[in-house]
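K.L.:
First, the structure itself, so that you have it in front of you.
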Amino acid sequence: MKLWGGRFTGETDKLVEKFNASIDFDKKLALYDIIGSRAHVKMLAEREIITSDDRDKILKGLLQVESEIKEGKFSYKVEHEDIHMNIEARLIEIIGDVAKKIHTARSRNDQVALDLHLYARDRLVGMIELLIELEKAVLDLADEHKLTVMPGYTHLQRAQPISLGHHLMSYYGMLSRDVERLFDLYKRVDIMPLGACALAGTSYPIDRESVRDELQFERLYENSMDAVSDRDFVLEFLFCMSTIMTHLSRFSEDIILWSSSEYGFIELDDSFCTGSSIMPQKKNPDVAELIRGKVGRVLGSLNGLFVTLKALPLAYNKDMQEDKEGFFDAVETLMVSITLFTGMLPGIKVNEEKMKEAVYSDFSNATDLADYMVKKGISFRDAHALVGKAVLYCQENNKLLSELTLEELKDISPVLDEKAFYYLDPKDSVQQKKSRGGPAETEVMRQIEVARKEVLSQEATCEKLVKLI
């Protein structure tokens, strides 16, 4: 008989039973469910809703269930629908009818909400830890290549000379904001819903504050209907993960392009590549490509939950069971993606000569020539037009700007002199860009120094959160 089957006279259709069950995926919440049940049972005894003897028997039974789960000996059954009923049913088998008191002053509605909060809080801190390690890997690579000159791109066309270190620090900026978002998200995850019951609270003299203290949540949901129907924290978590995956995807795109024969800027370590079943010469950047591809499933999970929640009346509806599979999948997808990306970066071999060759064989120094003319008294708009004509002249005569003679430069504008050649050198161009946030070595070094201090602060904050949970 179902634990909820008192008012039913017929059996559940087998297909309905399978369709209705969530145990295949919500068993991930097993240990969090036990943590919540322990806190709940302790409170029930403190408030004399159950006896201390009942509490001790239930806690002992929960310890055995926990051991069976950790050792892989627990038998999950579809007929018990979800992780909550599976654990309760097993508890009844172990300690008898006293186990049925565990659900006093509690509903699966506030129970599953609690489990999700505990799971999200735990994974959130773990994700921050992984992102911090990725930030460090990016900073190390940027520090190593703060003088490595390369083309900067807009519209995938060579634009202006920069350094590889400067390029990499732009990704650090993205990751740093990702960590900030996750820290801020923690406030919405760190709210306890237990005690809301199905939607209307309870007439039992429960103490929600004591359970909150036991589970180390910062706040309680103040409204019982909000407590069981809120999935904003899951939506927000999915948004943060979608943003992180988008950043990793953009980074992956650069890595994929740079490792191609057409660019030849980098070579990935063999351990993060695969070959072709037919073409012996191939070395494919599969890890970067898969990360780029998996962003779709994380974004899909976010969109899917938005659609699920958009028209749900309060409070709980069975539709909300759809909040978990995509969420769990997104968490696992992102955490393995971050781990792999962090491992991939240190093994990258940078072809500095190839990058230098690229930036010395294009017109990405055109803006620098225009800027020099401005310093000589010409308006930027006029200088822009003159240098544009000079580029056209070079293309027609198979030359680069740096290959023009002094006479040819003076034909462009009489204000140009020998010093103009200094402005046409990509390496010097980079070092002149000393504006805050620019690619000059001193600025990249400052950015890295500020970033390393920021990472130390992030680590300290993360350590505090780890101690709290």
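K.L.:
Sequence gap at least 6, Cα distance under 8 Å: using those rules, report the relative contact order of the stretch 131-253 to the nearest whole percent.
P.N.:
With pairs under 8 Å counted, the relative contact order is 22 percent.
K.L.:
Could you list Glu144, Glu407 so that the one with the fewest beta carbons within 10 Å of its beta carbon is first and the one with the most is last?
P.N.:
Glu407, Glu144
K.L.:
Checking the cross-link filter: which aspartates and glutamates have an alpha carbon closer than 12 Å to that of Lys349, excluding same-chain neighbours under 8 positions apart?
P.N.:
Glu144, Glu267, Asp269, Asp270
K.L.:
In degrees from 0 to 90, rounded to the nearest 10, what is the angle of the helix 83-95 Cα long axis to the longest principal axis of the chain?
P.N.:
Approximately 40 degrees, to the nearest ten.
K.L.:
Moving on. Work out the FRET efficiency for Glu222 and Glu144 from their Cβ-Cβ distance, taking R0 = 41 Å, and round it to the nearest 0.05.
P.N.:
Approximately 0.20, to the nearest 0.05.
K.L.:
Cut-off 18 Å, label point 7 angstrom out along Cα-to-Cβ of Asp269: give me the residues of the stretch 323-356 whose amide nitrogen falls inside.
P.N.:
Only 336-351 pass the distance filter.
K.L.:
Enter the mean projected area of the convex hull around the alpha-carbon atoms of the stretch 283-398, in nm², rounded to one decimal.
P.N.:
Projected over every direction and averaged, the Cα hull of the stretch 283-398 covers 14.9 nm².
K.L.:
Relative contact order of the stretch 5-104, please, whole-number percent, based on alpha carbon pairs below 8 angstrom and at least 6 residues apart.
P.N.:
The normalised contact order for the stretch 5-104 reaches 37 percent.
K.L.:
Can you pull the one-decimal nm distance between simple spin-label points at Thr154 and Gln395, each 7 Å off the Cα toward Cβ?
P.N.:
Between Thr154 and Gln395, the simple spin-label model gives 1.7 nm.
K.L.:
Over the chain, what is the relative contact order in whole percent, taking alpha-carbon pairs under 8 Å and six or more residues apart?
P.N.:
This gives 17 percent for the chain.
K.L.:
Mind running the shape call on the stretch 390-469? Use the C-alpha gyration tensor, a ≥ b ≥ c as the square roots of the eigenvalues: rounded below 1.5 for a/c, prolate if a/b tops b/c, oblate otherwise.
P.N.:
Here the stretch 390-469 falls in the prolate category.
K.L.:
Taking only Cα atoms, what is the 0 to 90° angle, nearest 10, from helix 286-309's long axis to the longest principal axis of the chain?
P.N.:
With both axes taken from Cα atoms, the answer is about 50 degrees.
K.L.:
Pick out, from Leu139, Asn351, Phe363, the residue whose Cα sits farthest towards the positive end of the charge dipole of the chain, with +1 on the Cβ of Lys and Arg and -1 on the Cβ of Asp and Glu.
P.N.:
The listed residue farthest towards the positive side: Leu139.
K.L.:
How far is helix 380-396 tilted, in degrees, relative to the longest principal axis of the Cα atoms in the chain, given as a value from 0 to 90 rounded to the nearest 10?
P.N.:
Once rounded, one gets 70 degrees.
K.L.:
Further question on the same structure: With 10 angstrom as the radius, rank Asp190, Asp184, Asp428 by how many other C-beta atoms surround their C-beta, starting from the fewest.
P.N.:
Sorted ascending by nearby Cβ count, the order is Asp184, Asp428, Asp190.
K.L.:
Shifting gears a bit: With each run of n ≥ 4 DSSP H residues scored as -39500 (n - 2.57), what mean residue ellipticity at 222 nm is computed for the chain after dividing by its residue count and rounding to the nearest 500 deg cm²/dmol?
P.N.:
Helix contribution divided over all residues of the chain: -20000 deg cm²/dmol.
K.L.:
Apply the a/c threshold of 1.5 to the C-alpha gyration tensor of the stretch 9-122 and tell me whether it is rounded, prolate or oblate.
P.N.:
Because a/c hits 1.5 or more and a/b exceeds b/c, the stretch 9-122 counts as prolate.
K.L.:
Find how much the distance from Glu79 to Val466 grows on full extension, using 0.36 nm per residue of separation minus their present alpha carbon separation; answer in nm with one decimal.
P.N.:
Difference between extended and current length: 135.7 nm.
K.L.:
Please figure out what share of the DSSP beta bridges in the chain is antiparallel and state it in percent, rounded to the nearest 5.
P.N.:
Antiparallel: roughly 80 percent of the beta bridges in the chain.
K.L.:
Shifting gears a bit: Can you give the direction-averaged projected area of the convex hull of the alpha-carbon atoms in the chain, in nm²?
P.N.:
It is 29.8 nm².
K.L.:
Report the charge-dipole magnitude of the chain in Debye, nearest 20, computed about the Cα centre from +1 at each Lys and Arg Cβ and -1 at each Asp and Glu Cβ.
P.N.:
I would put it at about 580 debye.
K.L.:
Which of the pairs Lys28/Lys100; Lys282/Lys356; Lys42/Lys467; Lys324/Lys453; Lys14/Lys70 have their Cα atoms more than 27 Å apart in this structure?
P.N.:
Lys324/Lys453; Lys14/Lys70
FYI, it's all coordinate maths here, none of it is from the lab. Just so you know, these numbers come straight off a predicted model, no measurement behind them. Counting neighbours? That spans all protein chains shown, and the Cβs are built from the backbone with ideal geometry, glycine included.
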